1. If packing is taken as the mean number of other Cβ atoms within 10 Å per residue, what is the order of 181-193, 31-43, highest first?
2. Note the angle between two axes, namely the Cα long axis of helix 102-114 and the longest principal axis of the Cα atoms of the chain, as a number of degrees from 0 to 90, rounded to the nearest 10.
3. Could you quote the convex hull projected area for region 18-123, Cα atoms only and averaged over all directions, in nm²?
4. Per-residue ellipticity at 222 nm for the chain, helices alone: DSSP H runs ≥ 4 residues times -39500 (n - 2.57), over residue total, nearest 500 deg cm²/dmol?
5. Given all pairs of different Cα atoms, what value in angstroms does the Kirkwood hydrodynamic radius of region 98-141 take?
6. Sort out for me the Cα centre separation of region 69-146 from region 150-213, rounded to whole Å.
7. Can you compute the modelled spin-label distance between residue 139 and residue 166, with each label point 7 Å from Cα toward Cβ, in nm?
8. Compare 118, 152, 74 in a GNM of the chain, Cα atoms joined below 10 Å, and give the one with the largest fluctuation.
């Protein structure tokens, strides 16, 4: 049995300021980030939305402990979170972290793109909608052996490698957990995951083989 440490694709990076945005139960992964920022003495602010104040977890604890650094936005009294205002008020260099339902995440990513801000760090409950995609045949070369494995249209890289006899770890098989992350040594990736930021995708040095594919005829993988 091989055991390794946990994978974390929602990691708190060093920054001079943090802007946390939570939607409903999405507050949960942000709590330890807030505690870490507080211990480290890094300024931060939390914008927390939900259907009603009564259904928003940890509200009393957060307000009592952190006071006016918590901005509450129950939809029943305040409407939806003002993402444009939140981004406008964030200090320069602030890193934005968000967890919540897909409409909130998509709206925040769009708002950041409109203002040419760095892609926000988000954690999704389900894979994002990629719209219509088109699969084509391609090949993957295994760096360790030089073997070439065909990946036909309609078959994932993960499935093709397993059919070839490789024991490749995976879990969600929808591009959200990160278990099947694999290094890319050559080729252009058609990224279809819900984890990598635009900058990380552009680097073309890693992919999630349960959903992502090749944008060319061949990929060389770190396997």
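Coordinate-derived values only; no laboratory data. The model shown is predicted, which means the values in this text are computed figures rather than measured ones. In this analysis, Cβ positions are derived from the backbone assuming ideal geometry, glycine residues included, and neighbour counts consider all displayed protein chains.
1. Numbers: 181-193: 18.3, 31-43: 13.8.
Going from most to least packed, we get 181-193, 31-43.
2. Computed tilt is about 90 degrees.
3. On the way: hull surface 24.7 nm².
The number I arrive at for region 18-123 is 6.2 nm².
4. After summing the helix terms and dividing by residue count, I get -6500 deg cm²/dmol.
5. Values: mean 1/r = 0.0793 Å⁻¹.
For region 98-141, inverting the mean 1/r across all distinct Cα pairs yields 12.6 Å.
6. 20 Å
7. 1.5 nm
8. Looking only at 118, 152, 74, the biggest GNM fluctuation is shown by 152.
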